[in-house]
Amino acid sequence: MKIVREALAGTLESSDLMVRIAPREGELAIVLQSEVIHQFGPQIEAVVRGCLAKLGIAEALVVIEDKGALDCVIAARVQTAVSRAVDAWTADWSVLS
Amino acid sequence: MKLRRSMLFLPGSNAAMLSTAFVYKPDSIMFDLEDAVSLREKDSARLLVFHALRMPAYRDSGIETVVRINPLSTPFGMKDLEAVVRAGVEVVRLPKTDTADDVHALEAEVERIERECGREVGSTRLMAAIESASGVVNAVAIATASKRLIGIALAGFDYVMDMQTERGDGTELFYARCAVLHAARFAKIDAFDVVFSDVNDDDGFLKEVDLIRRLGFNGKSLINPRQIDLLHNAFAPTQEEVDYSRRVVAAAEQGEKQGLGVVSLNGKMIDAPVIEHARVVLRRAEASGVRQ
C-alpha cells in the first residue's frame, strides 16, 4: 500500500494521540512525541511499526503526538490515518486485528 | 441471573472513555457508532471500537459489550457490522427499528459475517431500538423477529419527535413504554428504557427509575457513569422485601414437605406466583445486593 496524500487521525485529548502521515520516498521515518516517552517510547514505536508493516507501508513520514494512549488506541489511529492517506482503502479485518 | 439494569452509552470516537469505562462496572457498555459520532469520524470510531472490543479489559470484565451500529441503509451500517461481529461483540444494537424486516435483514448479514470469519453462527446477539410510532406499533413483531434478540429498547428523543411532541414528565412516553414492555414480555426478552439526559438531576433520574422499575423494565440506557450506582441501588430489593421473600420461600418449602398445595403466611395465602416472585427477589438480591 502506498501513501499518496497527507492525512491526520486522532486528537490531542488525554489517552489519545494525533497521527500525521505523509508520503516519503525511500524510507519509513517515525517521529514520536509523548508525555511518557521515557517509559513507553520503544513500545509505542513498536506498535506503530507493527501496524504499518501489516498494512504493507514501507515508505512514509509518520509523526505521532501521544497523550498516553493505550496500544489499541494507537493501532486504531495509525490504521485510520493510513486509510485516509491511500487510494482505494478496503478494510481487511484480519490484517487490522 | 443475567442482570441488564444499566447500559452505559459511550461515544465510539472517544478514546479516553473507551480506554477506561470498564472501571465503572455497568451491566452493559454500549459503544455508539451512530448519533454520538460525527460523519467525518465514522471511520475512526469504527476502528477504535473494533480494537476496544478486543481488549482483555472488556473481554474478561463480565460486562456485556453492545455496539449501536449505524442503520444498514446508510453507507456506514454494513461496515460497522463487519467490524464489530469480527471483533467479537456480544450484542449488536440496531437503531431505528421500524419493522420485523429490519431485524431479519440484520440477522441475515450477521450470519453471513459469522460464517465468513469463523465465528460460531448464532453467537452474535441482537437488540432492536424502537424510535418511532411505526416501531411501537410493530413492537410485538419486532420483539419476536429473531431468536438472537436479547431485548428491545425504547429510544425517547427520536420517538417524541416522530410523535410531534417533546420530552416532559413521562406522559408522552406512557403508551410507548407499555407497548415496548408488553412486546418484550410476550417475546420473553428484556426491555430497556430511554436515557435520562439531565445528569445533574438525581431526584428526577431516581423518580424516572422508580417508575420504569415498577412498570417492569429490566433496565435503562445511561449517558453518564454517575448514574450507574444510583440505578443499581434503586433496582436492588429492600431488606424488608428480602426478609419477606425468605419467609415466603421457607413457608413454601415447609408446605411442600407436608404435601400442601397452598400454604399461608401470617394468614395470607401463598401460592405459586407469590413463591416465584419471592425467588426472583432473592436471586436479584444475591446478584445486586440490598437497597441502601
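The values are calculated or read from the model by the stated rules, or taken from the named source; none is laboratory data. Remember, it's a predicted structure, so these values are computed and weren't measured experimentally. Counting neighbours? That spans all protein chains shown, and the Cβs are built from the backbone with ideal geometry, glycine included. Accessible surface areas use protein heavy atoms only, side chains included; no ligands, DNA or RNA. Shrake-Rupley method; radii C 1.70, N 1.55, O 1.52, S 1.80 Å.
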Does segment B:58-110 hold any residues that are modelled with pLDDT of 95 or more, out of contact with any Asp or Glu (no Cβ under 7 Å at 6 or more places or on another chain) and polar (S, T, N, Q), and which are they?
B:Ser73, B:Thr74, B:Thr97, B:Thr99
Among the residues of segment B:58-109, what is the count of those that are of a type in the set (S, T, N, Q) and farther than 18 Å from B:Glu131 by Cα?
2
Residue in segment B:85-101 that is out of contact with any helix residue (DSSP H, G or I) (no Cβ under 8 Å at 6 or more places or on another chain), among the basic types (Lys, Arg) and open to solvent by 60 Å² or more (accessible area, probe 1.4 Å) present
no
In the set A:Glu6, A:Glu25, which member is out of contact with any His (no Cβ under 8 Å at 6 or more places or on another chain) and within 19 Å of B:Ser44 (Cα to Cα)?
A:Glu6
Failed item in (1) assigned to a helix (DSSP H, G or I); (2) of a type outside the set (Val, Ile, Thr); (3) crowded, with 23+ Cβ neighbours inside 10 Å, with A:Ala9 passing the rest:
(1)
Residue that is farthest from A:Ser97 (Cα to Cα), among those in segment A:37-80 that are part of a loop (DSSP other than H, G, I, E, B) and within 14 Å of chain B (Cβ to nearest Cβ)
A:Lys67
So the strands (runs of 3 or more DSSP E) completely within segment B:185-283 holding 1 or more residues that are at pLDDT below 95 and surrounded by fewer than 17 Cβ atoms within 10 Å (Cβ to Cβ) are B:263-265, B:268-270
Which of (1) open to solvent by less than 10 Å² (accessible area, probe 1.4 Å); (2) of a type in the set (Val, Ile, Thr); (3) over 13 Å from the mean Cα position of the chain (by Cα) is the odd one out, the single condition A:Ile37 does not satisfy?
(1)
Given the criterion among the hydrophobic types (A, V, I, L, M, F, W, C) and touching a residue at least 60 places away in the same chain (Cβ under 8 Å), identify the matching residue among A:Val36, A:Val48, A:Val86, A:Val63.
A:Val86
Pick out, from segment B:50-120, the helices (runs of 4 or more DSSP H) lying fully within it that include 3 or more residues that are away from chain A (no Cβ under 14 Å) and within 20 Å of B:Asp158 (Cα to Cα).
B:100-117
Inside segment B:124-171, can you point out the residues that are open to solvent by 50 Å² or more (accessible area, probe 1.4 Å) and within 20 Å of B:Leu211 (Cα to Cα)?
B:Phe157, B:Glu166, B:Arg167, B:Gly168, B:Asp169, B:Thr171
